[in-house]
1. Looking at the range 10-33, I want the residues that are closer than 22 Å to residue 112 by Cα and have a partner that is of a type in the set (Ser, Thr, Tyr) and modelled with pLDDT of 85 or more with Cβ atoms under 6 Å, at least 6 apart or on another chain. Which pairs are those?
2. From the list 91, 33, 69, 19, exactly one residue is of a type in the set (Lys, Arg) and surrounded by 14 or more Cβ atoms within 10 Å (Cβ to Cβ). Which is it?
3. Considering only residues of the range 49-66 that are assigned to a loop (DSSP other than H, G, I, E, B) and surrounded by fewer than 15 Cβ atoms within 10 Å (Cβ to Cβ), which is farthest from the chain's Cα centre (by Cα)?
4. Out of (1) of a type in the set (D, E, K, R); (2) loosely packed, with under 13 Cβ neighbours inside 10 Å; (3) more than 15 Å from residue 5 (Cα to Cα); (4) touching a Ser or Thr at 6+ places or on another chain (Cβ under 9 Å), what's the single condition that is false for residue 85?
5. Is it the case that residue 80 is aliphatic (A, V, I, L, M), touching a Cys at 6+ places or on another chain (Cβ under 9 Å) and touching a residue at least 24 places away in the same chain (Cβ under 8 Å)?
Amino acid sequence: MSWDVLFQDVPQNIDSVGKIPENFTPHALCSRKYFEDMVVALFPNIDNNDTSWMILQEESYSIEFNSGKDDPMESVMLHVRGDEKALNAIKKICEYTGWKALDCSLGEFIDFDRNPDEGFSKWRNYRNEVIRNTPSEKSK
């Protein structure tokens, strides 16, 4: 179970998903080479054996970068597990690229200035509830 975050072309003046025009068609996000070079530059320890599914494994979190095989790339989905320190990595990408990060659990962009961990906290609470209510093998 992961907390999912999407990067996709969105006009810079849009600060909410609800403000995206109905007729908006996103452009390609970036070239595959740009993405691969950027991720390796920001996270030198990333596992990039499969560049369509790179994995950043840190002590307290992991992020899987699901970028598919298209070039240019239309979007990138991040699958986040672990603790809120993963938000620092997501913010780092946003600052480097100018991209906006869409929190798929909230359906809104992550607001790094106000409450960046709102969606992550809700996801973590949901995950913990699922884990608590899932019977263990011992109880079966």
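The values are calculated or read from the model by the stated rules, or taken from the named source; none is laboratory data. These figures come from a predicted structure and were not determined experimentally. Every residue, glycine as well, gets a Cβ built from its backbone with ideal geometry; the counts of neighbours run over all protein chains shown.
1. That search, which allows pairs on different chains as well, returns 29/75.
2. When all the criteria are applied, what remains is 91.
3. The qualifying residue farthest from the chain's Cα centre (by Cα) is 49.
4. (3)
5. So residue 80 fails the test.
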